[in-house]
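Here's the structure we're looking at; comments come further down.
The values are calculated or read from the model by the stated rules, or taken from the named source; none is laboratory data. Owing to the predicted nature of the structure, the values given are computational and were not obtained by experimental measurement. Every residue, glycine as well, gets a Cβ built from its backbone with ideal geometry; the counts of neighbours run over all protein chains shown.
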Amino acid sequence: MPSDGSLDRLGEVFARQRRFQDELVRRRELHFDERTWMEKQALALMVELGEVLDEAGYKWWKNPEPVNRAALHEELVDVFHFFVALCLAADMSADDLYAGYLAKNAENQRRQDGTSDRPGYQA
């Protein structure tokens, strides 16, 4: 576990998102099945990623403008919000996400080092 408290912060994010979602469901009387919740969260995540692209100025056919970092950061936070919501809909905890990230990061490193068992990554 990292010594900087980052896992505790991730746990706090998940807990806050859970409380927010529970209150949203109660107030708006939302009663979707598990599959529908995941679809809705994934769709919202994709929409927010599109907004990140807009802020990053992906339109090569337009005159470039400086990136508005504040607006870009806001969209990235929105992406994170819906990503965590999707994790919760899939019954994934902050600890699960952290452990999964560490495992995938290690495998990605092995792929780049050419030591992975997976074919197609030899340098």
### Query
Among the numbered criteria (1) closer than 18 Å to Leu10 by Cα; (2) of a type outside the set (S, T, N, Q); (3) in contact with a Leu (Cβ under 7 Å, 6 or more places away or on another chain), which single criterion is violated by Ala56?
(1)
### Query
Has the range 78-101 got any residue that is of a type in the set (A, V, I, L, M, F, W, C), loosely packed, with under 11 Cβ neighbours inside 10 Å and either part of a helix (DSSP H, G or I) or touching a residue at least 40 places away in the same chain (Cβ under 8 Å) (or both)?
no
### Task
Could you list, in sequence order, all residues of the range 23-48 that are surrounded by fewer than 12 Cβ atoms within 10 Å (Cβ to Cβ) and in contact (Cβ under 8 Å) with a residue 24 or more places away in the chain?
Glu34
### Query
In the range 83-108, which residues are modelled with pLDDT of 95 or more and of a type in the set (S, T, N, Q)?
Ser93, Asn105
### Message
I'm trying to understand the selection: among the residues of the range 51-74, which are surrounded by 12 or more Cβ atoms within 10 Å (Cβ to Cβ), part of a helix (DSSP H, G or I) and of a type in the set (Gly, Ala, Ser)?
### Response
Ala56, Ala71
